[in-house]
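Readers should treat all values here as calculations from the given coordinates under stated rules, not as data from a laboratory. Treat the numbers as computed from the prediction; the structure is a model and nothing was measured. Here the Cβ positions follow ideal geometry from the backbone for every residue, glycine too, while neighbour counts run over all protein chains shown.
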Amino acid sequence: MRTILILQNQDIVPLLRGYLQSLDHAVVVNNTSLPILVQKKQVTILNRKELSDKILYRELALTAEDRVILDCTGTNDMRRHLEALRSQCAAVPVLVLTDADDATAERERLDTVSFLPLSDLISGNISRCWVKIENRKKAAALQQLTAGHEHVLILTQHDPDPDALASALALRTLLGRTSTTAPIAAFGEVTRNENQVMMQLLDIQLLKITAPDLEKYSRIAMVDVQPFYFGDPEIRADIIIDHHPRMETCDAPFCDIRVHYGATSTILAEYLIAQDLKISQRLATALVYGIKTDTLFLGRDINPADIEVFTHIYPLANRHMILQMEHPRLKPEEISLFVKALKSQRLIGTVVFANLGRVEKEREDIIPRLADFCLQIDDAQWSVVSGIVEKQIVLCVRNVGYVEHAGEVTRHAFGKYGSAGGHRSMARAVVSLAELKKQLKISRKEELDKNLINLFLNARDGN
Ligand SMILES: [Mn+2]
């Protein structure tokens, strides 16, 4: 296959040098400096000044098997050049290099022609380099902040999810530490079936701690969570890496909160990639699973950064293990909770409401799982699943992603009564049952349901 490079502007030759060197057979039209740039076995050089002259293209004997790069930068004659070329061979694939300000709208769509603004050749790479430097600086700051400290505690939510576990594992790798020098800890335990499977398959140990234990650690890193979550001003962090909405009170020597990211795993993976650190199969598997679960299989709340990191680490992961984690079993008692909730579900407009009543603390994860599930009900754009866990009402909200912002609606609806907020299409509220009953003067259970529904619908409709 021949690649034919038809140049007008000598300044772009250095930009194409790397590409030309990768080719077996190149024909170059109108170049003066190429022989010193490309040492090729087969480089044919032609010199023709007039690119709208059909004779040039006839001489080249173009076929559909060739490829042509037609440089039309700095000219107004693109259309004429292209017509002359296509009059000789309309089937040859042509890449037209253009100036960035060319009006793309005017170009007719041609199946064999693609336009590439010259600025695109480098601008994407330039921004990527800045991001890489930024990430490298942050990774180095993390390493510096923890250097010399015997133990670094990596703290997650009470019932860490795959994103939190993967982020913790990645942070440990970034800091070059082991499970002894950087244990992953929580005040609770992993209850969700899938997450337990993940821990088993990837051999992740979670240390259950209590508040006094924190004193043993001179450095505490929070991943996928922020200090306010713990509701105790004594619980401090030296490092916070998270993608949940930032709380004002959140200050730590190192703080990297990126609310537009689909997963904290993406942030951590960016550090590792920026530092060219080796990502093991175990870590890649954890990160892929972390990103997948937090973004509902790349379907919700994602950012281009999530996709880029995912593309980078997916080939390194163990796909068989991910499959095993993705298809966990439902325990019999969970099935009965599912049935109970589905019986109670009602669709009001486009919102599915379901109330589970009392839910044992260890089964709390059934609430978000049901919220995910209920979104599949026909005509549903939202699902709001609630349950009473100990003395609190836990509400999980999901939506299809192209309606109002779930986090804002949830905060608006329930923020007055407790903690409430979240992302574009998933949110959560935890409010005190007694407080809510008192403020809304609720005495009967049915009234509670009705009030929750009204609070939600009013907030969504902006009332
Ligand atoms: Mn997360």
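Things worth noting here:
- C-alpha long axis of helix 162-174 to longest principal axis of the chain, angle in °: 60 degrees
- In a DSSP loop and with at most 16 other Cβ atoms within 10 Å, the GluC sites (Glu not before Pro) in region 304-394 are E360, E390.
- Rounded to the nearest 20 debye, the dipole size of the chain about its Cα centre is 460 debye, using +1 on the Cβ of Lys and Arg and -1 on the Cβ of Asp and Glu.
- Loop-located trypsin sites (Lys or Arg not before Pro) in region 359-421 whose Cβ has at most 16 other Cβ within 10 Å (DSSP): K391, K416
- Look at the dipole of region 148-326 built from charges on Cβ: of I240, Y271, P253, the Cα furthest out on the positive end belongs to Y271.
- The angle between the Cα long axis of helix 264-274 and the longest principal axis of the Cα atoms of the chain comes to about 40 degrees, rounded to the nearest 10.
- Neighbour-limited loop hits for chymotrypsin sites (Phe, Trp or Tyr not before Pro), region 343-401 (at most 10 other Cβ within 10 Å; DSSP other than H, G, I, E, B): none
- Degrees, to the nearest 10: 304-313 long Cα axis against longest axis of the chain: 80 degrees
- Per-pair calculated FRET efficiency, R0 = 25 Å: A64 and L116 via Cβ, rounded to 0.05: 0.80
- Helix-only CD estimate at 222 nm, as mean residue ellipticity for the chain, using -39500 (n - 2.57) per DSSP H run (n ≥ 4): -12000 deg cm²/dmol
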